[in-house]
Amino acid sequence: MDFAIVLQVLDGALRLMTPLLFACLAGLYSERAGIFDIGLEGKMLMAGFAAAAVAAVTGNVWLGLVAGIGASVALALLHGLASITFRGNQLISGVAVNFLAAGLTVLLGQRLFQLGGRTPSLGGEARFGPVTLPFAETLRDVPVLGPIYAELISGHTVLVYLALACVPLTWWVLFRTRFGLRLRAVGENPASVDTAGVSVTRLRYQAVIICGILCGLAGAYLSTALAAGFVRDMTAGRGYIALAALIFAKWRPAHALFATFLFGLMEAIANRFPNIDIGPITVPSMFMNALPYILTVIILAGFVGRAIPPRAGGEPYVKER
Amino acid sequence: MPTGAAGGAGVPQTPPAIELRGISKAFGPVQADRDISMAVPRGTIHGIIGENGAGKSTLMSILYGFYRPDAGEILIDGTPIAISDSQTAIRAGIGMVFQHFKLVRNFTVLENVILGAEDGGLLRPSLSRARKELRRLADEYGLDVDPDALIEELSVGHQQRVEILKALYRNANILILDEPTGVLTPAEADHLFRILRGLRDQGKTIILITHKLREIVDSTDNVSVIRRGEIVGTVRTADTSPEQLAEMMVGRKVLLNVEKAPAQPGAPVLDITRLRMIDRDGVERLRDIDLTVRRGEIVGIAGVSGNGQTQLLEIIGGFGEPGATLMGEIAINGKAIPLHGYGANGRTRRKLGIGHVPEDRQTEGLIMDFAAWENAVFGYHDAPEWQKGPLMDNAAIRADTESRMARFDVRPPNPELAARNFSGGNQQKIVVAREIERNPDLLLIGQPTRGVDIGAIEFIHRQIVALRDQGKAILLISVELDEIRALSDRIAVMFDGRIMGQDHPPDTSASDLGCLMAGVSPGGAPMTKGTGA
């Protein structure tokens, strides 16, 4: 296999990893605070639609991004209302968010654009373009490192770099700030936070809103950077894959980077080599495309060692005597 | 009966650290606290004692801002204050050590201490200040804890110290402890009281909520007794006696010593020979246990929890740890019973006439969300009198439960109520009634009165003695040495999976038993190890 192809695959992995990474970190904030969020998928979908629709109408991708984040945060608040304020079942609320998004995006899309639930194709200012890092062209001819810099590191959209920056940022917030300490505490033992005189409800809402913002970025990336417009169900289970990656990463930011990269890599390999010949057998492309999902099942079945979720996860907090 | 504030020690010059005036609180139709008034002088240890459900915890929750009182006012250092939330209570200098610790298990001690009391947005400065402060507190009060240890690595006693440190770090002047010794070993409890006396001598005010008379008498300056939501009286501890306090708590004289005729032991019912148990992890939990319990006697096993008593009781009862290896022999009425496989479960053991009151009624004795009448037949639900053709005769079970609740004075006597809604003592009565009324040959009973109020303790003790007098064999396990000594006809001591003699008379002194429980012979020399396998 030659060097250029390796670079292409890795480049693809980085692009495909980005929405997973945003969503995985979104889930990380929420679940670390004790709110399980199966609705990452729905929030991404809603954000993808809102971003593409607003970008198509206004021609400005940044307005699209804002709309995407707004739509996702709105769904996140809905989930928060159900699971924090009304102490409902977090899984059911998350599933409801997914259904709501799946239906609403197609309905609104058809009503607004009459394209069968799609948004018009985006181009120019209505879509995130590649960012060329300084000296990318001049350094291209340097052996080995030149192509790595020019092909692999440079030339992504701004959201790819933002996602990568979110990893150390999340680590820093969680483990070096007061907010992070409280966030982790509220997911482990909310009573400890409550008796310390800090509001459990407020902290959990903050976490849920951050989760909404990150899901918004993930969705907007899908429809306005990775693709050029929204199509129905375009998240294709990425929200669930992000959840699997989160478990794989054991709710830690750096591990989340690794886990989502693995999923991105598999998707990139499947895209680059739809059919692989192993002597007499040709591995069908369907199998290659199914790889990330197969990995998800394996991870969720617990083949990656014990992953201990935040102790208070999934349980509404009820103050006891 | 003495009433009024803090004994007759004369009018204090400074206002009391904390004063309650006419505090009342109702939950729906239930009046939890009624017109509670008391004053706690600065620099004293003040005990609040009362039966379970008397309203102690509600009162403390009001002080810590969990509930707003319906009426009355709270004064801190003479100034009225409205405690609307925990933050206000903390700012007023009130620190609370809950019965169930409010710690984050996978955080370090330092992180737990600063949680909610951070100095700023970033953790580093708070952590280094807390580290210095903890060192100072450790020196000053003997509150030694490794600041970098994770909570889950600490013993229960150390976790409690972290809770105290949390309060002191927030500059608490008034420290409230709710049933602080419920989870501690006797040695840990002694250490706690040394710490508390040190804190008092430095001018801190301490409120100790408990239902253990011994602790009140040993460690408090004044004590308030609460009964049914009302203050019965506040007295100087030095002027009172355990008997008087007990009487104030329940409103009538209680027998701290169980009255019973001398035992008349008959044939052995339970005969254990060289029983060994090695658990799943390869740890030997029981080492060559030899134990006999005869008809008409109560054998008590004393020991610090975690020395194998739990395993022993569970193995006899038929629900030993899965995956454990058992060796040796257990005979019931002279017949060896299977230790493994079919025949070694709770159901077959019950059919052999073994009744079992497990140590933890909430997880093993009852299903908390099921009704009392359902709980009243578990384990015996296949008895013929409760079958009606292929169905269960629920009406018969309900009727039976109702009459049983009357006999055992379970309150409220409502068979439809879920087990969760009864107080600890009444839950225990349901379990004890279930096991005793099946008329077992051998009754296994673990921690019969843990978390049970005095009135119920007395009742349960009388039932156990009555069963003995009918010629039944009783094996009792309790961490309360007083209970073991009061009930047992014979005392066995367990230490490190071994029986340190099973023929200690009930009047063996507590200190001698304490030595045996620590693996030391009463003379002071370490006991010789058992003969080994």
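Mind checking which pairs have a first residue in the stretch A:40-62 that is closer than 22 Å to residue A:241 by Cα and a second that is hydroxyl-bearing (Ser, Thr, Tyr) and surrounded by fewer than 24 Cβ atoms within 10 Å (Cβ to Cβ), Cβ under 9 Å, 6 or more apart or different chains?
From residues that are closer than 22 Å to residue A:241 by Cα, the pairs are A:40/A:240; A:41/A:240.
Look through B:97, B:30 and report the one residue that is over 27 Å from residue B:162 (Cβ atoms), modelled with pLDDT under 95, in the same structural domain as residue B:229 (by TED's automatic domain parsing) and of a type in the set (A, V, I, L, M).
Just one listed residue meets the conditions, B:30.
Confirm whether residue B:42 is touching a residue at least 60 places away in the same chain (Cβ under 8 Å) and under 30 Å from residue B:459 (Cα atoms).
Criteria not met by residue B:42.
Mind checking which residues of the stretch A:241-261 are in contact (Cβ under 8 Å) with a residue 24 or more places away in the chain and surrounded by fewer than 17 Cβ atoms within 10 Å (Cβ to Cβ)?
A:250, A:254
Of the residues that sit in the stretch A:294-321 and are more than 14 Å from chain B (Cβ to nearest Cβ) and modelled with pLDDT of 85 or more, which one is least open to solvent (accessible area, probe 1.4 Å)?
In this case the residue turns out to be A:314.
Can you spot a residue in the stretch B:120-130 that is open to solvent by 30 Å² or more (accessible area, probe 1.4 Å), facing chain A (nearest Cβ under 7 Å) and assigned to a loop (DSSP other than H, G, I, E, B)?
Yes, the stretch B:120-130 has at least one match.
Could you list, in sequence order, all residues of the stretch A:194-212 that are among the β-branched types (Val, Ile, Thr) and either within 14 Å of another protein chain (Cβ to nearest Cβ) or open to solvent by less than 10 Å² (accessible area, probe 1.4 Å) (or both)?
A:195, A:198, A:200, A:201, A:208
Every residue, every condition in (1) touching a Gly at 6+ places or on another chain (Cβ under 6 Å); (2) surrounded by fewer than 22 Cβ atoms within 10 Å (Cβ to Cβ), yes or no:
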position	(1), (2)
B:208	yes, no
B:216	yes, no
B:223	yes, no
B:242	no, yes
B:260	no, yes
B:265	yes, yes
B:282	no, yes
B:286	yes, no
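Do we have residue A:137 as in contact (Cβ under 8 Å) with a residue 12 or more places away in the chain, more than 28 Å from residue A:45 (Cα to Cα) and either assigned to a helix (DSSP H, G or I) or within 14 Å of chain B (Cβ to nearest Cβ) (or both) here?
yes
If you take just the helices (runs of 4 or more DSSP H) that sit entirely in the stretch B:387-481, which of them hold at least 3 residues that are touching a Ser or Thr at 6+ places or on another chain (Cβ under 9 Å)?
In the stretch B:387-481, the matching helices (runs of 4 or more DSSP H) lie at B:424-436, B:454-469.
Does residue B:165 meet the test of being surrounded by 15 or more Cβ atoms within 10 Å (Cβ to Cβ) and touching a residue at least 24 places away in the same chain (Cβ under 8 Å)?
yes
Please verify whether the stretch B:467-480 includes one or more residues that are of a type in the set (A, V, I, L, M, F, W, C), in contact with a Leu (Cβ under 8 Å, 6 or more places away or on another chain), crowded, with 22+ Cβ neighbours inside 10 Å and at pLDDT below 90.
no
Identify, by number, the condition in (1) outside any helix (DSSP H, G or I); (2) in contact with a Lys or Arg (Cβ under 8 Å, 6 or more places away or on another chain) that residue B:180 doesn't meet.
(2)
Return the total of residues in the stretch A:168-193 being open to solvent by 20 Å² or more (accessible area, probe 1.4 Å), within 9 Å of chain B (Cβ to nearest Cβ) and assigned to a helix (DSSP H, G or I).
Matching residues across the stretch A:168-193 total 6.
Do we have residue B:136 as over 19 Å from residue A:196 (Cβ atoms) and open to solvent by 60 Å² or more (accessible area, probe 1.4 Å) here?
Yes: the conditions hold for residue B:136.
Within the stretch A:203-235, can you find the residues that are part of a helix (DSSP H, G or I) and out of contact with any helix residue (DSSP H, G or I) (no Cβ under 8 Å at 6 or more places or on another chain)?
none
Among B:297, B:321, B:329, which is among the acidic types (Asp, Glu) and under 18 Å from residue B:487 (Cα atoms)?
Answer to the selection: B:297.
The values are calculated or read from the model by the stated rules, or taken from the named source; none is laboratory data. Quick caveat, the model's predicted, so the values are computed rather than measured. Note that each Cβ is placed from the backbone with ideal geometry, even for glycine, and that neighbours are counted across all protein chains shown. For accessibility, only protein heavy atoms count, side chains too; no ligands or nucleic acids. Shrake-Rupley method; radii C 1.70, N 1.55, O 1.52, S 1.80 Å.
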